[in-house]
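Asker: First the structure, then my questions, so here it is.
The values are calculated or read from the model by the stated rules, or taken from the named source; none is laboratory data. Remember, it's a predicted structure, so these values are computed and weren't measured experimentally. For neighbour counting, all protein chains shown are included, and Cβ atoms are generated from backbone atoms with ideal geometry for every residue, glycine included.
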Amino acid sequence: MELYNTLSRKKEAFPAPEEQQKIRLFVCGPTVYDYAHIGHARTYIFFDFFVKYLRSQGYEVTYLQNVTDLDDKIIARAAERSIKPEALAKEFSRAYLEDMQALGVDAVSRYAPATDFISQIVAQVERLIDKGFAYKIGGDGWYFDISKDEDYGKLSGRTVAQAEDGVSRIDDAGAKRNKGDFCLWKFSKPGEPVWKTAIGDGRPGWHIEDTAISEYYFGPQYDIHGGGLDLKFPHHEAELAQQESASGLKPFVRFWMHTGFLTVKGQKMSKSLGNFITIRDFLKKYPPEVLHWIALANHYRSPVDFSDELALQAAAALENLSNRYLELREEDRKEEKRKDQGTLSVWKEKFDAALSDDLNTPVALATMFDVIKDKDLSAKEKRVLLDSFSQTLGLDMVRKNEELPPFIVEKLAQYNECRANKQFMQSDGLWKELEDLGYEVRDTENGSHLVKKMF
Ligand code: AMP
């Protein structure tokens, strides 16, 4: 498999499971001051798919995700609501986990809230102070001096903020040595959460939370670090500088992966811009598979511009695939001829080749439609392939359709019987009942089958 590495700016060979079975992956988790939106979902659905895919290929993946449960935004939002920052963070951490569960995103091995790791954070800042990478601004905090790290900027290709970072977090302080220096430890102001420590009474900077957590679980070097593109600078650049400076070991991370943005009318969907749709609101309108489809039908590094039309197109594509699958099931029941296995392996190779090429999920999805069109395959062979591909991609729609509740199966059987006996009044009644229960009856040459309606 080849993976695009943001650090080298090219695709690189990823070790096969026989060469390296254990993979340590860290993905930046949410800052919990509000409900997660579908932009977050795009990133987390992708990494969920990625981890499940790796596991299916024989890797043993430890997937670690931090939760930023204290920062300026959390403190400000809690003050607006006259509650404690801890209470706000707890409320939205819970909401985040509920949303991930509703989406079927469940590959994370461990969630690590930053405030559980204060001693590790302080120890890392102390190492940076001892090695001369950090300096103190009285009444403000400890800062990382980027001029002391000759590699600073190697991940993103820059060292200071630009216009497009408007919504990302840059620490501003008048007395900084360099414009791009970032805060490691903030001395707390009255009323803010505070930890009394050897480096002063205060709270952690944002970037140091992640390296303290990853070092605790993975050590100073690990395999993959992921997140959305907005985190490349300054967040990931800062993490890289902190960890490599603290340990003296390079590379901090072997592969850096960044997902493209989910945008709305070309603008990044974000809490700060207010142009967001929460996962909860989305799920009131569409089933979770629609979001999975949107995440996988586009390459993970490309931007996706979200609109209701896009969601409807995704739902239609899913429904189309699902219907074709159900038709194949009917055909399969009647069909007797069997083809040799040669053609199956050709399609499997095509599908695997797409995913091995930097996880090209759009091509993998297109392969499913190509399989359906292949005249040389029997219905059974097509089903075998579609079952295997949809499982790898985590597409539930095929499985969900198979699992019709027993009373629905019973009604469909009655419907088919009435039609066979030309009792059309009764069959029309059953048709209407199934329709009201959310199922569309499709009459085909091979008998009738049901399609679960999306809306
Ligand atoms: P945050 O809570 O803002 O720190 O974001 C949590 C994760 O979601 C990070 O990996 C972000 O890069 C990612 N993310 C936030 N907004 C978007 C978006 N519009 N599209 C894709 N990923 C996003």
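Asker: Of the residues in region 130-148, how many are over 33 Å from the mean Cα position of the chain (by Cα), assigned to a helix (DSSP H, G or I) and surrounded by 16 or more Cβ atoms within 10 Å (Cβ to Cβ)?
Answerer: Qualifying residue count for the region: 1.
Asker: May I ask you to list pairs of residues, at least six apart or on different chains, whose Cβ atoms are under 6 Å apart, with the first in region 265-279 being among the basic types (Lys, Arg) and the second being in a loop (DSSP other than H, G, I, E, B)?
Answerer: Final answer for the pair search is Lys268/Phe261; Lys271/Asp34.
Asker: Filter region 208-230 for residues that are surrounded by fewer than 24 Cβ atoms within 10 Å (Cβ to Cβ) and within 14 Å of the ligand (Cβ to nearest atom) and give the result.
Answerer: Within region 208-230, Ile224, Gly227, Gly228, Leu229, Asp230 meet the criteria.
Asker: Give the residue that is surrounded by the fewest Cβ atoms within 10 Å (Cβ to Cβ), with candidates limited to residues of region 184-196 that are among the basic types (Lys, Arg) and modelled with pLDDT of 95 or more.
Answerer: Across region 184-196, the extreme among qualifying residues is Lys196.
Asker: Take residues that are under 20 Å from Lys375 (Cβ atoms) and tell me which of the helices (runs of 4 or more DSSP H) falling wholly in region 283-357 contain 2 or more.
Answerer: Qualifying helices (runs of 4 or more DSSP H): 308-334, 342-356.
Asker: Against the condition touching a residue at least 60 places away in the same chain (Cβ under 8 Å) and β-branched (Val, Ile, Thr), how does Ile83 come out, does it pass?
Answerer: No: the conditions fail for Ile83.
Asker: Return the only residue of Ser307, Ser302, Ser322 being hydroxyl-bearing (Ser, Thr, Tyr) and in contact (Cβ under 8 Å) with a residue 60 or more places away in the chain.
Answerer: Ser322
Asker: Separate question: So which pairs qualify, if the first residue must be in region 429-445 and assigned to a helix (DSSP H, G or I), the second must be exposed (fewer than 14 other Cβ atoms within 10 Å of the Cβ), the Cβ gap must be under 9 Å, and the two must be at least 6 apart or on different chains?
Answerer: Once the first residue is assigned to a helix (DSSP H, G or I) and sits in region 429-445, its partners that are exposed (fewer than 14 other Cβ atoms within 10 Å of the Cβ) give Glu435/Lys453.
Asker: For residues in region 284-300 being of a type outside the set (Ser, Thr, Tyr) and at pLDDT below 95, which is farthest from Ala364 (Cα to Cα)?
Answerer: This residue is Lys284.
Asker: Would you mind stating whether Gly248 is away from the ligand (no atom under 13 Å from the Cβ), in the same structural domain as Ile208 (by TED's automatic domain parsing) and farther than 22 Å from Val160 by Cα?
Answerer: yes
Asker: Can you find, within region 307-336, the residue that is nearest to Leu296 (Cα to Cα) among those that are over 24 Å from the mean Cα position of the chain (by Cα) and not charged (D, E, K, R)?
Answerer: Only one residue fits best here, namely Asn320.
Asker: Criterion first (assigned to a helix (DSSP H, G or I), exposed (fewer than 14 other Cβ atoms within 10 Å of the Cβ) and either modelled with pLDDT of 95 or more or not assigned by TED's automatic domain parsing to the domain that holds Met257 (or both)) does Glu417 satisfy it?
Answerer: So Glu417 passes the test.
Asker: Moving to a separate point now. Working carefully through the options Tyr286, Tyr217, find the one that is more than 30 Å from Gln20 (Cα to Cα), touching a residue at least 12 places away in the same chain (Cβ under 8 Å) and not small (Gly, Ala, Ser).
Answerer: Checking each option against the conditions leaves just Tyr286.
Asker: Tell me the residue from Glu309, Glu319 that is charged (D, E, K, R), surrounded by fewer than 16 Cβ atoms within 10 Å (Cβ to Cβ) and closer than 30 Å to Val264 by Cα, please.
Answerer: Answer to the check: Glu309.
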